[in-house]
1. Mind listing whichever residues of the stretch 1-10 are within 12 Å of the ligand (Cβ to nearest atom) and not aromatic (Phe, Trp, Tyr)?
2. Among the residues of the stretch 53-68, write down those that are over 16 Å from residue 210 (Cα atoms) and exposed (fewer than 12 other Cβ atoms within 10 Å of the Cβ).
3. Taking residue 37 as meeting all but one of (1) buried (at least 16 other Cβ atoms within 10 Å of the Cβ); (2) in contact with a strand residue (DSSP E or B) (Cβ under 8 Å, 6 or more places away or on another chain), write down the number of the exception.
4. Taking the condition of being among the basic types (Lys, Arg) and either surrounded by 12 or more Cβ atoms within 10 Å (Cβ to Cβ) or under 14 Å from residue 190 (Cβ atoms) (or both), how many residues in the stretch 117-135 meet it?
5. Condition test on residue 242, is it at negative phi, surrounded by 10 or more Cβ atoms within 10 Å (Cβ to Cβ), part of a helix (DSSP H, G or I) and modelled with pLDDT of 90 or more?
6. Do the conditions hold for residue 113, that is, is it part of a helix (DSSP H, G or I) and either within 16 Å of the ligand (Cβ to nearest atom) or surrounded by 19 or more Cβ atoms within 10 Å (Cβ to Cβ) (or both)?
7. Give 187, 217 a once-over and let me know the one that is surrounded by 10 or more Cβ atoms within 10 Å (Cβ to Cβ) and touching a residue at least 60 places away in the same chain (Cβ under 8 Å).
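The values are calculated or read from the model by the stated rules, or taken from the named source; none is laboratory data. These numbers were taken from a predicted model, which means no experiment stands behind them. When we count neighbours, we look across all protein chains shown, and the Cβ atoms used for this are built from the backbone with ideal geometry, even at glycine.
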Amino acid sequence: MLWADIEKVRSAPASGLRGMCPVCARTVIAKCGTQRVHHWAHIGERACDRWWERETQWHRTWKLRFPGTWHECIMHDDATGEKHIADVRTPDGVVIEFQHSHLRAGERGAREHFYRNMVWVVDGTRLQRDLPRFIRGARDLRPIGKDVFRHAFPDELLPKTWLGCAAPAFFDFGAPEDPEAARFIQNCLWCLLPQNGHQAIVVKIDRDAFIGIAQQNAQSLLFLPLRAQAEQRLAAERARDRREHLRAIAAILERQRQWRPRHHWQPRRRTF
Ligand SMILES: [Zn+2]
């Protein structure tokens, strides 16, 4: 974590300091090496929030793109007494969670339910196959607006574990070394919107634009108007498909009604 309490004051780590974890009140020690972002760690690397993942450099670099007062916001559910640390919470109440490690769908859903107004930033470089699959799958992205696309087979585009997420998930594919991949990614994040039905809506957004929007009007990262539009469009398409299906059935029934055998078999009278 980037913040701990020293005599009740939220403090950044500095060499030799000890502080108190704001969640579990156990002692944390400052880690101030030269390789990694300076941070606090529980003694023995134990974490107190079961949702807290061991932070990577990617994780801390992302957090540091936002003001320190937004970091590691402790959120409570008064009904259940549960409390968790949100990576970043903007002043207008949007939680940004940075996810590097694998997350089971059930656990992802629990976090989405707890934080409600939230977006994910997902490390798209965790598995070697993720970026090549995305670039291959992107050939089938169909534009439906400026930097908005839809994809009929989202499992050919993004990791399966993220399909069906209830919060927008921004995939960060980093800065690929391969020139073709780098040209394609262009310092952008690709956001999977919560799905209604099988197909996916994907939005391309410049990384700096994402950070700027998060600082000025983070609510718009939830893409609520776009999601409502997509839902309407999908409902209209479903209604049209249903009408066409019914029309096809009616046509088959009509053809069956009109069909009469051309020759009727009649027993021949025997003549001797
Ligand atoms: Zn703790």
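1. At the first step, the residues of the stretch 1-10 found to be within 12 Å of the ligand (Cβ to nearest atom) are 1, 3-5.
Passing the criteria: 1, 4, 5.
2. 54, 57
3. (2)
4. So in the stretch 117-135, the residues among the basic types (Lys, Arg) come out as 126, 129, 133.
From what is left, the residues that are either surrounded by 12 or more Cβ atoms within 10 Å (Cβ to Cβ) or under 14 Å from residue 190 (Cβ atoms) (or both) are 126, 133.
Looking only at that region, the number is 2.
5. On the way: at negative phi: yes; surrounded by 10 or more Cβ atoms within 10 Å (Cβ to Cβ): yes; part of a helix (DSSP H, G or I): yes; modelled with pLDDT of 90 or more: yes.
When the stated conditions are applied, residue 242 passes them.
6. Details: part of a helix (DSSP H, G or I): yes; either within 16 Å of the ligand (Cβ to nearest atom) or surrounded by 19 or more Cβ atoms within 10 Å (Cβ to Cβ) (or both): no.
No, not satisfied.
7. Details: 187 fails: touching a residue at least 60 places away in the same chain (Cβ under 8 Å).
Of 187, 217, the one residue that is surrounded by 10 or more Cβ atoms within 10 Å (Cβ to Cβ) and touching a residue at least 60 places away in the same chain (Cβ under 8 Å) is 217.
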